[in-house]
Amino acid sequence: MSLKFSRRDFLKSIAVAAAMLTAGCSPKRDTQQGPVDQVEAEKWVKGVCRYCGTGCGVLAGVKGNKIVAVKGDPDCPVNRGRLCVKGILLAKIIDTPDRVLKPLIKKDGQFVEATWDEALDLIVAKFKEAIEQYGPDSVGFYGSGQTLAEETYTMQKIMRAGIGTNNIDGNPRTCMASAVAGYITTFGEDEPMGTYADIEAADTFFLIGSNMAEAHPVLFSRLVDRKNSNPNVKIIVADPRKTRTCDIADYHLPFVPSRDLALMNAMAYTIIEEGRTDEKFIAEHTEFVKGADEKLTYDQFKAFLQDYAPEKVADSCGIPAATIREVARLFSQGDRNTMSMWCMGLNQRTRGVWVNNLVHNLHLLTGKICRPGNTPFSLTGQPSACGSVRETGGLSHLLPAHRMVANEKHRQELAQLWGVESLPAKPGYHTLEMFKAAVTGDLKCLWVMTTNPGQSLPNLNYYRPGMEKTFLVVSEAYHPTRTSELADVVLPSALWMEKEGVYGNGERRTQHIAQAIKPPGEAKPDLWAIIEFAKRMGYEKLVPFNTPEEVWAEYQECQKGTAMMLASYKRLREGHGFTWPVPDDNSPETYIRYAEGYDPYVKPGEGIKFYGKPSGRAIIYARPQQDAQEMPDTEYPFFLTTGRILEHWHTGTMTFNVKELKNAVPEMYVEIHPDDAARLGIADGDLVDVTSRRATCKLKAKINGRGQPRQGLVYVPFHDQVLERMINFVLLDAFDPGSKQPEYKICAVKLAKSA
Ligand SMILES: Nc1nc2c(c(=O)[nH]1)N[C@H]1C(S)=C(S)[C@@H](COP(=O)(O)OP(=O)(O)OC[C@H]3O[C@@H](n4cnc5c(=O)[nH]c(N)nc54)[C@H](O)[C@@H]3O)O[C@H]1N2
Ligand SMILES: Nc1nc2c(c(=O)[nH]1)N[C@H]1C(S)=C(S)[C@@H](COP(=O)(O)OP(=O)(O)OC[C@H]3O[C@@H](n4cnc5c(=O)[nH]c(N)nc54)[C@H](O)[C@@H]3O)O[C@H]1N2
Ligand code: SF4
Ligand SMILES: [Mo]
């Protein structure tokens, strides 16, 4: 590995960065990429990209106590040296003027610097007082899919085994909860059965509600490679908006928002009607269910689908029946391998779980599952939503290693392991409930870590006053943010490679991040703050560890006896990530779960076994079309959807600190269909009022931009920090009754040129 960038590398890195800015992915693998103004390093330290769930391996070039360059790790199987523009520019998020360097305490409305002792003593006093007066459920923790696994594991243990409450939730509730519930209801176990390697083995790709080109750019580049090297590959993109992902699509289905339940039922109808099912697979490995657990026969399921003939639903979906039939045929064609990928377009919905079930249905009906290139693969958004939250038990209803709070046996197993009598059985608050309890005053103390809910929750006019009212602790790397400004105490956090720990990406790959540099000022790893808090609360016995490695060793004990065994620290330090299950240090990583020959928990002769279900069978669900909670009407005639763009990350605390990214897209905007704009007399660049029943945002119109919504739909990215452009004020806070995930993707608005 060369320590110095040559002039050629330097020029190449500029060219690569430029190509990515326009295309969203790098043209070639194994290129060396680093920030253009920093070209020398003393050593390269192995880590994982701070941003998306793709989980690209990185090497951080260190000189003194500075990261001077970041390049893709050529040995990481995820990206093989590639990075997108955000990854390349990661070094620039570290030395910024808005880093928090000392604990801050709010006094008379002003933040004043404090010592760690003062800050922690105050937090402990407030938590103890609330618990004594109002009980353990009067406090809560709101975490993130961007924490390290060790941080969330430790915090959830303290909340449950120490304080005695399940009030621990996190932003994966706003992100992955419907995918989790989809996998669990259908297969009995969370997380995908396949891995990214399925991309290189699939022929038909069904992308629905995912803008991979901008949200998972390096993974998208693997899809581009697959298509370029194999002319037989066909890509179907189902999204109400034409996105950059459609650039490589053979079919784009711009259906009416929220009508994808009907769309996928129509595909299932076609597959059955035209005899394109795998009857043997259905008979051996599936059963049919309606509602929660009402058993159906196959014939009853077929009868249910009669309402969804493509010809019957074409108009309401906005997609011609012939197109629906065509993509159903492509999906189910016998000699082709089919991989589905989806993301927030399905999850952030009041019927997010159902619509997840419907993707699984298509794979189960056709038997296109648990074989290379055949898989329903939910794309994970955050770098460690899987590794740090779904796996560690970082949501109010989960316990470590995919156990459930509602399961008494699971609670007992962990109570025994942790040396406590019992764990609380009462369900904790899910995200919106937790922030609502802050509004109503039921939640007295709230600790927020590695997330920015003051900007990222929906219906902000309702929730922000609650954050101000409750005793709010915010662990942050930067200040002010839209959440830290509402805090009573801000704790300065070490960022990314200023600390050591583990991330788990969207393909079950557990990867280690080494510490490359020391944090600035008095910033500390969040794990340190959590352990100090625990000790001061009197829970010394629950935190018999000081290092992430020691936490990991205990966490591995919790995994024993489950099908979710992760790699040891030794292996993680040395290797380039392992896709679990890896039952011991000699086990290879697992490519395909539930399949004999791949999954160590499936015995010889068992073939395919969905062991998450007592019957060993996966469930095909009858799920009817249900529209979004708030559909357009005469007063609010447009659908509004929200999401991401390539250059920015969520609330922008990191990416607006990188001048190349900030300059690329300095402010957010509203994408409008040209015909709608013409009708309303709106020209490109005009300031537009986007108004819902809850609030108005003022945004510049973007017509024929990189994304083109269908008629009647407008789109706004949610990265802006300026109050009048923060679209989350406009959104409603309806959520899925099963997963409790908010419906960020759909509400109704009206548009008018700003006065
Ligand atoms: N650059 C960048 N990358 C990121 C992130 C980031 O902030 N910036 N965040 C990461 C995170 S945490 C996440 S969760 C992922 C999200 O990744 P994606 O889900 O791919 O991105 P989004 O832009 O949120 O939404 C995807 C698409 O859903 C579509 N959609 C809207 N309504 C519907 C509907 O009714 N049905 C369907 N099927 N689709 C609909 C939208 O038009 C949009 O194109 O991105 C990750 N990657
Ligand atoms: N309108 C709309 N809203 C959405 C969505 C949408 O599609 N549309 N998507 C939702 C989804 S999927 C998601 S995942 C959420 C994301 O929403 P958030 O999690 O609220 O957004 P981030 O900007 O990722 O917040 C992470 C915070 O952690 C801080 N940070 C970074 N590193 C560290 C660290 O090591 N320690 C600590 N303590 N802090 C650190 C960052 O500065 C930042 O403020 O947004 C949700 N909100
Ligand atoms: S694709 Fe995702 S993980 Fe990879 S470099 Fe870009 S933001 Fe980082
Ligand atoms: Mo997310």
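The values are calculated or read from the model by the stated rules, or taken from the named source; none is laboratory data. Keep in mind the model is a prediction, meaning the values are calculated, not measured. No Cβ is skipped: glycine too gets one built from the backbone with ideal geometry, and neighbour counts run over all protein chains shown. Only protein heavy atoms, including side chains, enter the accessible area calculation; ligands, DNA and RNA are left aside. Shrake-Rupley method; radii C 1.70, N 1.55, O 1.52, S 1.80 Å.
Quick look at the numbers
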{"item": "Cys52 - accessible surface, heavy atoms, 1.4 Å probe, Å² rounded to 10", "result": "20"}
{"item": "Gyration tensor verdict on region 638-753 (Cα atoms; rounded if a/c is under 1.5, prolate if a/b is larger than b/c, oblate otherwise)", "result": "oblate"}
{"item": "Inter-probe distance in nm under a simple model that places probes 7 Å from Cα toward Cβ, at Arg573 and Lys43", "result": "1.2"}
{"item": "Per residue accessible area of the chain, 1.4 Å probe, in Å²", "result": "34"}
{"item": "Overall form of the chain per C-alpha gyration tensor (a/c, 1.5; a/b vs b/c)", "result": "rounded"}
{"item": "Potential lengthening between Glu550 and Tyr134 on full extension [0.36 nm per residue; Cα-Cα distance subtracted]", "result": "146.4 nm"}
{"item": "Calculated FRET value between Gln306 and Lys603, using beta carbons and R₀ = 56 Å, to 0.05", "result": "0.90"}
{"item": "Value of [θ]222 nm, deg cm²/dmol, for the chain, DSSP H segments ≥ 4, -39500 (n - 2.57) each, nearest 500", "result": "-8500 deg cm²/dmol"}
{"item": "Label-point separation in nm, Glu635 to Ala415, each point 7 Å along Cα→Cβ", "result": "5.1"}
{"item": "Proximal charge balance of Asn265 [Cβ under 11 Å; K/R count +1, D/E count -1]", "result": "+1"}
{"item": "Contour excess over end-to-end distance, with Cα ends at Lys106 and Lys700 and 0.36 nm allotted per residue", "result": "210.3 nm"}
{"item": "Average Cα contact separation per residue, the chain, under 8 Å, 6 or more apart, as relative contact order %", "result": "18"}
{"item": "Added length on full extension, which subtracts the Cα-Cα distance from 0.36 nm per residue, Ala283 to Ser316", "result": "8.6 nm"}
{"item": "Net charge over other residues, Cβ less than 10 angstrom from the Cβ of Gln711 (K, R count +1; D, E count -1)", "result": "0"}
{"item": "Percent of beta bridges antiparallel (DSSP, the chain, rounded to nearest 5)", "result": "50"}
{"item": "Carbon plus sulfur fraction of accessible area for region 230-381, probe 1.4 Å, in percent", "result": "47"}
{"item": "Accessible-area composition of region 638-753, carbon plus sulfur, in percent [1.4 Å probe]", "result": "50"}
{"item": "For region 634-641, 3J(HN,Hα) per residue [Karplus equation, 6.51 cos²θ - 1.76 cosθ + 1.60, θ = phi - 60°, Hz, x = Gly/Pro]", "result": "5, 7, 10, x, 10, 6, 10, 10"}
{"item": "Distance-filtered residues of region 323-349 - backbone nitrogen under 19 Å, label point 7 angstrom along Asp250 Cα→Cβ", "result": "323-342"}
